[in-house]
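Report on one structure; see the data block that follows.
The values are calculated or read from the model by the stated rules, or taken from the named source; none is laboratory data. Quick caveat: nothing in here was measured; it's all calculated off a predicted structure. A quick note on method: Cβ atoms are made from the backbone with ideal geometry, for glycine too, and the neighbour counts reach across all protein chains shown. Ligands, DNA and RNA are stripped out before the accessible areas are found, and what is left, the full protein with its side chains, is counted by its heavy atoms. Shrake-Rupley method; radii C 1.70, N 1.55, O 1.52, S 1.80 Å.
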Amino acid sequence: MNDEMVWPSLSSYPDEFWKRLSVPELRDQSITQLLSGEGLSYSTVEQLARHSGLKLPELAQLLNISASTLRRRRVRGYFNPSESYCLFGIFAVIGNAIDLFDGDISSALEWLRKPQRGLLGQRPIAVAANLDGHETVLTLIGQLEHGVLP
């Protein structure tokens with residue numbers, strides 16, 4: 001990431017996003033962490049992972065970081081800004097997928113892990129982990145919610 005990185009608009013991730021993941025109290029804390037340039041705290045990511053049904057090793061794999069790097073992030077207490085941006089996007093996608101599946105976390109995660117035609121056969125969770133890829137997946141979810149088949 002460069003110095004010109006712009007964090008997602010707060011309007012892109014309304015309160016419902018945090019409520020869907022059962023952690024509304026983390027919204028302001030996460031936004032502060034993102035805007036500070038320090039990145040998301042390890043404990044925030046840990047809580048979001050737990051409530052979203054993902055495991056930290058899976059998130060590390062999506063971010064393309066090793067188990068040892070994940071341990072270093074735990075010791076340091078926070079993720080770097082580029083990792084945080086991707087994590088925030090992943091959690092936004094998860095929250096919206098949960099909403100798409102009417103609150104069914106396991107169905108949402110199953111859909112996110114399977115290749116989707118609307119993403120040219122890519123897995124939504126993997127696309128969401130790429131820089132700005134979460135916007136592509138959020139667009140697909142929006143299309144599906146409105147009955148627009150890709």
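How big is region 90-150 on each of its three principal axes, counting only the C-alpha atoms and giving the largest first in Å?
Sorted largest first, the three principal extents are 26, 23, 17 Å.
Looking only at 135, 58, 46, which one moves most when the chain is put into a Gaussian network model with springs between Cα atoms under 10 Å?
Largest GNM mean-square fluctuation: 58.
In the calculated pair distance distribution of the chain, what percentage of Cα-Cα distances lie above 24 Å?
Values: 2952 of 11175 pairs.
Here the long-distance tail beyond 24 Å is 26 percent of all Cα pairs in the chain.
To the nearest 20 debye, what is the magnitude of the charge dipole of the chain about its Cα centre, counting +1 on the Cβ of each Lys and Arg and -1 on the Cβ of each Asp and Glu?
Values: 14 positive and 17 negative charges, 141 e Å.
For this selection, approximately 680 debye.
Tilt of helix 42-52 relative to the longest C-alpha principal axis of the chain, in degrees (0 to 90, nearest 10)?
The angle comes out near 20 degrees.
Using the alpha-carbon atoms, what tilt in degrees (0 to 90, nearest 10) does helix 26-36 show relative to the longest principal axis of the chain?
Helix 26-36 and the main axis of the chain meet at about 60 degrees.
Measure nothing but the geometry: give the 0 to 90° angle between the long axis through the Cα atoms of 81-100 and the longest principal axis through the Cα atoms of the chain, rounded to 10°.
Helix 81-100 sits roughly 30 degrees off the main axis of the chain.
Once the whole set of protein chains is in place, how much accessible area is left on residue 104, using a 1.4 Å probe, in Å² to the nearest 10?
Counting only protein heavy atoms, the figure is 60 Å².
What does the charge count around residue 89 come to, taking other residues whose C-beta lies under 14 Å from its C-beta (Lys +1, Arg +1, Asp -1, Glu -1)?
That works out to -3.
Considering only protein heavy atoms, what is the solvent-accessible area of residue 134 at a probe of 1.4 Å, reported in Å² to the nearest 10?
That residue has around 0 Å² of solvent-accessible surface.
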